[in-house]
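Reading through the structure tokens given below for one structure.
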């Protein structure tokens, strides 16, 4: 988290303040929309880095922004639910704007965006290796099925004719199967 929001950043400080004072907000004054918005931005990034509830990985900056913003809304709703005092009129909208601006500013750095996109993306080499492995497995299974089918056909024809096929014919069938 320090890579994106330093411990002295307003987001990290807001998170620590809400984390320590969450159940005491009626004694210490209510949480402001600024405090909640910055904390929601921090919490959304933390959730993304942890990979929680990430079913479709973002492929570009805009998808990453929308994923983080979705997490931000969840975090903001949780903060409001735990708060013992109501937000002022328009406070929710202001908190959403503050959090969105914080996330956008953090993503404005190309290194941050690239790092976050690469964090949960599947690697191409892994995908290719699995695909090649699957194709080899399918070919092996097909080869086995063809061999068994030809073997059974040979045995049926042997029984029907009452004689054995020449060994050379059986070998050519086996040779053809291994080439497939």
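For the stretch 87-124, give me each residue that is farther than 21 Å from residue 49 by Cα and assigned to a helix (DSSP H, G or I). First the steps, then the outcome.
Step one: list which residues in the stretch 87-124 are farther than 21 Å from residue 49 by Cα, which gives 87-95, 97.
The answer is 91, 92, 93, 94, 95, 97.
Do any residues in the stretch 33-58 that are assigned by TED's automatic domain parsing to the domain that holds residue 77 and over 21 Å from residue 80 (Cβ atoms) have Cβ atoms under 6 Å from those of residues that are modelled with pLDDT of 90 or more and part of a helix (DSSP H, G or I), where the two are at least six apart or on different chains, and which pairs are they?
Pairs found: 58/64; 58/67.
Select, from 63, 97, the only residue that is assigned by TED's automatic domain parsing to the domain that holds residue 34 and more than 30 Å from residue 21 (Cα to Cα).
Working: 97 fails: more than 30 Å from residue 21 (Cα to Cα).
That would be 63, the only listed residue that is assigned by TED's automatic domain parsing to the domain that holds residue 34 and more than 30 Å from residue 21 (Cα to Cα).
Could you check the stretch 18-50 and list, in sequence order, the residues that are at pLDDT below 90 and surrounded by fewer than 16 Cβ atoms within 10 Å (Cβ to Cβ)?
The answer is 19, 20, 21, 22, 23, 24, 26, 27, 28, 29.
The values are calculated or read from the model by the stated rules, or taken from the named source; none is laboratory data. What you see is a predicted model; the values in this text were computed from it and never measured. Quick reminder, even Gly has a Cβ in these numbers, built from the backbone with ideal geometry, and neighbours come from all protein chains shown.
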